[in-house]
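Following: one structure in structure tokens, then a few remarks.
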Amino acid sequence: GAGVQSPMLQLMGSDVPSRRDLEETATRAEAIGPSKKAIEDSGGQLVKDAHALGLAVIPYTFTEDEAETRRFFTAYNVDALFSDFPDVALRARP
């Protein structure tokens, strides 16, 4: 509706994007949506690199595993996340 603003989010696959890919994405988007696997495979560096470029990181897709969801907020410092269980995600958010 009128007045609703939503950031441009670039969804990504399960591969860890290169720094060059992130830089290019930052020219047209405010956030990236990588898989949980890409963040884990990078040891969290993907989040750090994205944040350094001004990109928010919103990974997908979380389940009812509250400990895993909390870990992504605390250990990896993600900005938000996609979850099939929003009640769990809200409890897990710091």
Segment 26-53 residues near the modelled Asp15 label - backbone nitrogen below 16 Å, point 7 Å along Cα→Cβ: 34-35, 37-39, 41-42
Simple spin-label estimate for Arg93 and Glu68 in nanometres, 7 Å along Cα-Cβ: 2.0 nm
Full-stretch length increase - Ala80, Thr61 - with 0.36 nm per residue and alpha-carbon distance subtracted: 5.7 nm
Surface accessible to a 1.4 Å probe, per residue, for the residues of the chain, Å²: 59 Å²
The chain - percent of accessible surface contributed by carbon and sulfur, probe 1.4 Å: 50 percent
Per-pair calculated FRET efficiency, R0 = 30 Å: Val4 and Glu24 via Cβ, rounded to 0.05: 0.65
Rounded to whole Hz, the Karplus (6.51, -1.76, 1.60) HN-Hα couplings of segment 62-69, x for glycine and proline: 8, 10, 7, 6, 5, 5, 5, 4
Structure-based [θ]222 nm, the chain - -39500 (n - 2.57) summed over DSSP H runs of at least 4, per residue, nearest 500: -10500 deg cm²/dmol
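The values are calculated or read from the model by the stated rules, or taken from the named source; none is laboratory data. All values reported here derive from a predicted model rather than from experimental measurement. Because the Cβ atoms are built from the backbone with ideal geometry, glycine has one as well, and the counts that use them run over all protein chains shown. Just the protein is used for accessible areas: all its heavy atoms, side chains included, with ligands, DNA and RNA removed. Shrake-Rupley method; radii C 1.70, N 1.55, O 1.52, S 1.80 Å.
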